[in-house]
Amino acid sequence: MTTEQAVNDIIAAGRCLYQRGLTAGTDGNISVRCGDTVFITASGVSKGRLTAADIVPLDLDGRPLTCGAKPSSEAALHIYVYRNRPDVGAVVHAHPPFATAYALAGKDLPQDLVEARLMLGKIPLLPFAEAGTLRLAEQAGEAARAYRGALLADHGAAAWDRQLETAVCLMEAIEQVAKTSFYGQMLRREI
Ligand SMILES: [Zn+2]
C-alpha cells in the first residue's frame, strides 16, 4: 500500500464513520499500518472533513515522522494494538452513542444477536482508564490479542482488523448490536 492509498483510505473511512453517526465533533481516530509506518489522524479534527494534511505518519514507537499536524492523543492505543497483533493493518476508535452507552453502564456488548455471535465474537468492556493514557493503550493492546474490538469504560469503542474497510465494518456492527440490543431490552420490559 502506498502513502497516497493509506491517506485516501483514512479520509474515506473518516467520512463514513462521521456520516453514519459513529463519530461526532472531533472525536475518534483512525490509523493504517504500512510496514514500519503508522498513518493516523491528527488531533482535534472532524473525521467527516479530513484532508491529507490531517494524516500524520508515525514510527512504531509512536513518534511523528514529520513536523506537521499533531497526532491523535490516542496514538498509543493504536501503536499497542499493532505491537501485539502484527497481522492487524488498521485500527478505528470512535464514540458511537449506543455502544458508548453500554460502556457507560458498565456492560459488555450483548452477545445474543446473530452478528454479535458470528461476526464480532465477544467484545469485552475494558476497565476504566483515562483517555489518552498508557494504561488505556496497554489494555487495548492486551484485548487485541484475543478479540476483534473492545468497549472502553465511560468512553467509547475500538476495533481492528487486517483492512481498514473491515475495521470500519466492525465498528458499525458494534454500534448496530448495541442499538438493537438496547431497543430489544426496552421492548422486553414493556411486554
Ligand atoms: Zn476517544
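The values are calculated or read from the model by the stated rules, or taken from the named source; none is laboratory data. Being a predicted model, the structure only gives us computed values, none of them experimental. Glycine also receives a Cβ, built like all others from the backbone with ideal geometry; neighbour counts cover every protein chain displayed.
Within segment 57-86, track down each residue that is in contact (Cβ under 8 Å) with a residue 12 or more places away in the chain and of a type in the set (A, V, I, L, M, F, W, C).
Leu58, Leu60, Leu65, Ala69, Ala75, Ala76, Leu77, Ile79, Val81
How many residues are within 16 Å of the ligand (Cβ to nearest atom) and either loosely packed, with under 14 Cβ neighbours inside 10 Å or farther than 14 Å from His93 by Cβ (or both) if we restrict to segment 117-137?
Residues in segment 117-137 being within 16 Å of the ligand (Cβ to nearest atom) and either loosely packed, with under 14 Cβ neighbours inside 10 Å or farther than 14 Å from His93 by Cβ (or both): 6 in total.
Tell me whether segment 26-40 contains one or more residues that are surrounded by fewer than 22 Cβ atoms within 10 Å (Cβ to Cβ), under 21 Å from Leu170 (Cβ atoms) and away from the ligand (no atom under 16 Å from the Cβ).
yes
Does any residue in segment 12-38 that is within 14 Å of His78 (Cβ to Cβ) come within less than 7 Å, Cβ to Cβ, of a residue that is basic (Lys, Arg) and not in a loop (DSSP other than H, G, I, E, B) six or more places away or on a different chain, and which pairs are these?
The qualifying pairs are Gly28/Lys47; Ile30/Lys47.
Only one of (1) under 20 Å from Ala101 (Cα atoms); (2) within 16 Å of the ligand (Cβ to nearest atom); (3) not aromatic (Phe, Trp, Tyr) is not met by Gln176, so which one is it?
(2)
Collect the residues in segment 45-69 that are surrounded by 13 or more Cβ atoms within 10 Å (Cβ to Cβ) and either within 16 Å of the ligand (Cβ to nearest atom) or under 21 Å from Gln163 (Cα atoms) (or both), keeping them in residue-number order.
Passing the criteria: Val45, Ser46, Lys47, Gly48, Leu50, Asp54, Ile55, Val56, Pro57, Leu58, Leu60, Gly62.
Considering (1) at pLDDT below 95; (2) within 26 Å of Ala101 (Cβ to Cβ), say which one Thr66 fails and leave the rest.
It is condition (2) that Thr66 fails.
Only one of (1) part of a loop (DSSP other than H, G, I, E, B); (2) without any contact (Cβ under 8 Å) to a residue 12 or more places away in the chain is not met by Lys107, so which one is it?
(2)
Quick check on segment 142-164: of everything there that is within 12 Å of the chain's Cα centre (by Cα) and part of a helix (DSSP H, G or I), which residue is surrounded by the most Cβ atoms within 10 Å (Cβ to Cβ)?
Leu164
Output the residue which, of all residues in segment 99-116 that are modelled with pLDDT of 95 or more and surrounded by 20 or more Cβ atoms within 10 Å (Cβ to Cβ), is nearest to Gln139 (Cα to Cα).
Top of the filtered list is Ala103.
Here are some conditions: (1) closer than 13 Å to Ala167 by Cβ; (2) assigned to a helix (DSSP H, G or I); (3) within 16 Å of the ligand (Cβ to nearest atom). Asp9 meets all but one. Which one does it not meet?
(3)
Is it true that Glu130 is acidic (Asp, Glu) and closer than 27 Å to Asp9 by Cα?
The answer is no for Glu130.
Residue by residue through segment 76-104, note down the ones that are in contact with a strand residue (DSSP E or B) (Cβ under 8 Å, 6 or more places away or on another chain), assigned to a helix (DSSP H, G or I), more than 12 Å from the ligand (Cβ to nearest atom) and under 20 Å from Ile10 (Cα atoms).
Result: Ile79, Val81, Tyr82.
Given the criteria away from the ligand (no atom under 13 Å from the Cβ), closer than 25 Å to Ala129 by Cβ and out of contact with any helix residue (DSSP H, G or I) (no Cβ under 8 Å at 6 or more places or on another chain), does Pro110 qualify?
no
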